[in-house]
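The next block holds one structure in the form of structure tokens; read it before the comments.
The values are calculated or read from the model by the stated rules, or taken from the named source; none is laboratory data. Since this is a predicted model, take the numbers as computed values, not measurements. Positions of Cβ are generated from backbone atoms using ideal geometry, with glycine treated the same way; all protein chains shown enter the neighbour counts. These accessible areas exclude ligands, DNA and RNA; they are computed on the full protein's heavy atoms, side chains included. Shrake-Rupley method; radii C 1.70, N 1.55, O 1.52, S 1.80 Å.
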Amino acid sequence: MAKTGTTTQGLRAAIERSGYYPALVAEAVEAAVGGEPVVSYLVHQETTFDSNEVRRHVTVLVLTGTRFIVSHTDEQAADGTSPSPYATTSTESVKLERISSVVLSRVVANPESYTPGTLPREVVLNIGWGAVSRIDLEPAACGDPNCDADHGYTGSSTADDLSLRVSEAGDGPDTVRQTLAFAQALSEATAATAPTTR
């Protein structure tokens, strides 16, 4: 379930409605936001299945006038480090000028009859700011099947800071709309902070 809006009170209410450790999540997010007014936010709860365990996870995205804040909270079963279940919460605050990309991928059914304004059936929001990059390398080769020379390596580098996937079937149409609204607000905010060229 995702919720989006534009006020601090609305942000807290959306966290509480998610029902996922609301006191813990709200405290972490509000500490990161501080006294800044909230421009837009998105609260997304996700359930995953790991072997015989069900794990829940919540991501909270907040846009202020100067920053993008991302918070993740995960729950963990009891293990060797803790005799009881526990949750881990983290927040990261990124200056808007550092956002290097906002990528929104839309999956639409029957593209030949698509009409503007139709809700995508799935949306993937990728946000990059250079905190995490993934490098995939593999041995380089030439076209000669008998060549045994060392051609070094080839590969690609991918920004891997945040990826959030929502679907109409799994999360509901409101969640898809809210993700689109947050992505638009973030794109507009980063465009406004981009340096101008002459």
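If residue 58 passes every condition in (1) surrounded by 13 or more Cβ atoms within 10 Å (Cβ to Cβ); (2) farther than 18 Å from residue 183 by Cα; (3) of a type in the set (Val, Ile, Thr) but one, which one does it miss? With (1) surrounded by 13 or more Cβ atoms within 10 Å (Cβ to Cβ); (2) farther than 18 Å from residue 183 by Cα; (3) of a type in the set (Val, Ile, Thr) applied to residue 58, the lone miss is (2). Restricting the first member to the stretch 26-50 and to residues that are over 23 Å from residue 163 (Cβ atoms), and the second to residues that are of a type outside the set (A, V, I, L, M, F, W, C) and part of a strand (DSSP E or B), the beta-carbon pairs closer than 6 Å and six or more apart or on different chains are 36/64. Going residue by residue through the stretch 71-84, is there one that turns out to be of a type in the set (Val, Ile, Thr) and either within 18 Å of residue 171 (Cα to Cα) or free of Cβ contacts under 8 Å to residues at least 40 places away in the same chain (or both)? The answer is yes, given that some residue of the stretch 71-84 is of a type in the set (Val, Ile, Thr) and either within 18 Å of residue 171 (Cα to Cα) or free of Cβ contacts under 8 Å to residues at least 40 places away in the same chain (or both). Applying the set (1) closer than 18 Å to residue 189 by Cβ; (2) open to solvent by 70 Å² or more (accessible area, probe 1.4 Å); (3) under 19 Å from the mean Cα position of the chain (by Cα) to residue 38 leaves exactly one unmet item: (2). One residue stands out among those in the stretch 103-133 that are among the small types (Gly, Ala, Ser) and assigned to a strand (DSSP E or B): the one that is surrounded by the most Cβ atoms within 10 Å (Cβ to Cβ), which is 128.
For the stretch 76-102, the set of residues classified as open to solvent by less than 70 Å² (accessible area, probe 1.4 Å) and farther than 28 Å from residue 27 by Cβ consists of 101 only.
Note on the stretch 164-190: among residues that are open to solvent by 50 Å² or more (accessible area, probe 1.4 Å) and modelled with pLDDT under 90, the one that is nearest to residue 69 (Cα to Cα) is 174. Of the residues that make up the stretch 139-153, is at least one over 23 Å from residue 8 (Cβ atoms) and assigned to a strand (DSSP E or B)? Checked against the condition, which is being over 23 Å from residue 8 (Cβ atoms) and assigned to a strand (DSSP E or B), the stretch 139-153 yields at least one hit.
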